[in-house]
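Read through the structure below, which is laid out as structure tokens, and then see the notes.
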Amino acid sequence: SPRSPAGMLPVVAGLLLAVATGGRGAAAGDQESPPGSRFVCTSLPLDAAGAGCPLPPVPMQGGALPPEEELKATVLQLRETVLQQKETIGSQREAIRELTGKLSRCESADGRSATGTWKKELGKGKDTMGDLPRDPAQVVDQLSRTMQTLKDRLESLEHQLRANVSYAALPNDLREMLQRRLGDLERQLLSKVAELEDEKSLLHNETSAHRQKTETALNALLERVSELEKGNSAFKSPDEFKVSLPLRTNYLYGKIKKTLPELYAFTVCLWLRSSASPGIGTPFSYAVPGQANEIVLIEWGNNPIELLINDKVAQLPLFISDGKWHHICITWTTRDGMWEAFQDGEKLGTGENLAPWHPIKPGGVLILGQEQDTVGGRFDATQAFVGEMSQFNIWDRVLKAEDIMNIANCSTNMPGNVIPWVDNNVDVFGGATKWPVETCEERLLDL
């Protein structure tokens, strides 16, 4: 049969013969043989294994199969043969161990007489027993080397098969199939290119319309930038500017476009620089119908700086008329009329009972640099602010002392959530001007 292990080594055949013969003798010796019975072992020369293991014949079906198919069949048969030989080797190892035990019993059964008889029996024939390895491990090692030789030959055949398949000419039907496939792919590619061209044309038309709109918007923006560059409002950012009020008149002022909502607490912060005397005047005022002094910060004449809420007065321990930039913050809450005064981030004073339980009325007018006797007007030159101011912000809550310190030392930027300091929210009148400024940088110059 082509699947039988016909390629096993002659050494294995000899061992099988020895096992078969010795096994029968051992079985007889165990039951009926006298103590002087012996085993007969037939040895084969080592050079008999040099011929190698012949490969099993490969059936050729009249040359009908191409070379690569024949090689594949040969490789598959060799693999099956190797697997069967591995199984045979496993079973033969058991036989070798059995033979080794029986040989040991032969040598030790009758001492010297048994040994002499063994040598005499061997002397009758050709003494080749010494050529065989007596150690079963050596037999297994020799079989392993033979198996390695078979594996090498199998890998050589597989390599040759891969080479033949790589360089062999493709069958005609395979070439035709590949050509059809390439033709289909080419048609699909051309169709996709046509679709992309159509989409490109549509996109070009849409892009032209968008480009016209974009150019119109850019032109309008450029005109606006040109207008800003001609004036004094070309600032680095919306909040980096200052309002300058250089004269004590009743017509120089700034106006906040937004008004205040109803407030139950607030924080007002701003940067000031003034050296006017006596008193710096009114940095800001908030007037509502029926109450011109709803919120006022004023230093008038030789009086200390004062905070007015609903025409009620609290004196603040602030000193800001030295011609340097100072950061001023004032907090107030309607609950018990509690107030706090901060200068350059440090709390200098606090108090209570300033217009307690009075909410700040909404809808009034915020003026920078003047004190209002009516809503938005009737300014008094003696109460006008002289100097510069920046970063006027209002929050609808009492800021924490930590936040006020961070704003004062320029480590954080917190625009007011009610009134933020932005250019388009401040108008100037009567010769008051707006200039770009880095308040923190100028403050460093004052130190």
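The values are calculated or read from the model by the stated rules, or taken from the named source; none is laboratory data. Quick caveat, the model's predicted, so the values are computed rather than measured. Glycine also receives a Cβ, built like all others from the backbone with ideal geometry; neighbour counts cover every protein chain displayed. Areas reflect the complete protein model, heavy atoms only, side chains present, ligands, DNA and RNA absent. Shrake-Rupley method; radii C 1.70, N 1.55, O 1.52, S 1.80 Å.
Go through segment 292-319 and give me each residue that's acidic (Asp, Glu) and open to solvent by less than 10 Å² (accessible area, probe 1.4 Å). Break it down stepwise before answering.
Taking segment 292-319 as the starting set, the residues that turn out to be acidic (Asp, Glu) are 294, 299, 306, 311.
GLU294, the sole residue that qualifies.
Considering only segment 244-253, I want to know if a residue exists there that is open to solvent by less than 70 Å² (accessible area, probe 1.4 Å), farther than 14 Å from MET389 by Cβ, in a strand (DSSP E or B) and touching a residue at least 24 places away in the same chain (Cβ under 8 Å). Even if it seems obvious, please write down each step before you answer.
Kept after step one, since they are open to solvent by less than 70 Å² (accessible area, probe 1.4 Å), are these residues of segment 244-253: 244-245, 249, 252-253.
Narrowing the set further to residues that are farther than 14 Å from MET389 by Cβ leaves 249.
Right, trim to in a strand (DSSP E or B) and you get none.
No: zero hits.
Kindly indicate which of TRP325, TRP421, TRP357 is within 16 Å of ILE295 (Cα to Cα) and either under 51 Å from the mean Cα position of the chain (by Cα) or open to solvent by 30 Å² or more (accessible area, probe 1.4 Å) (or both). Full working, then the answer.
On the way: TRP325 fails: within 16 Å of ILE295 (Cα to Cα); TRP421 fails: within 16 Å of ILE295 (Cα to Cα).
Every option except TRP357 fails the conditions.
Taking interchain pairs and intrachain pairs at least six residues apart, which have beta carbon atoms under 9 angstrom, with the first residue in segment 75-103 and in a helix (DSSP H, G or I) and the second among the polar types (S, T, N, Q)?
Within 9 Å, the pairs are THR81/SER4; GLN84/SER4; GLN85/THR146; ILE89/SER144.
Any residue at all in segment 385-394 that's closer than 24 Å to PRO415 by Cβ and surrounded by fewer than 20 Cβ atoms within 10 Å (Cβ to Cβ)? Show your work before the answer.
The initial filter retains those residues of segment 385-394 that are closer than 24 Å to PRO415 by Cβ, namely 385, 387-394.
From what is left, the residues that are surrounded by fewer than 20 Cβ atoms within 10 Å (Cβ to Cβ) are none.
No, segment 385-394 contains no residue that is closer than 24 Å to PRO415 by Cβ and surrounded by fewer than 20 Cβ atoms within 10 Å (Cβ to Cβ).
State which residue is farthest from the chain's Cα centre (by Cα) when the search covers only segment 368-384 and only residues that are open to solvent by less than 10 Å² (accessible area, probe 1.4 Å) and either within 27 Å of LYS347 (Cβ to Cβ) or basic (Lys, Arg) (or both).
Within segment 368-384, the subset open to solvent by less than 10 Å² (accessible area, probe 1.4 Å) is 368-370, 372, 384.
Add one more test, that the residue is either within 27 Å of LYS347 (Cβ to Cβ) or basic (Lys, Arg) (or both), and what stays is 368-369.
Working: LEU368: 51, GLY369: 54 Å.
Going through the qualifying residues, I end up with GLY369.
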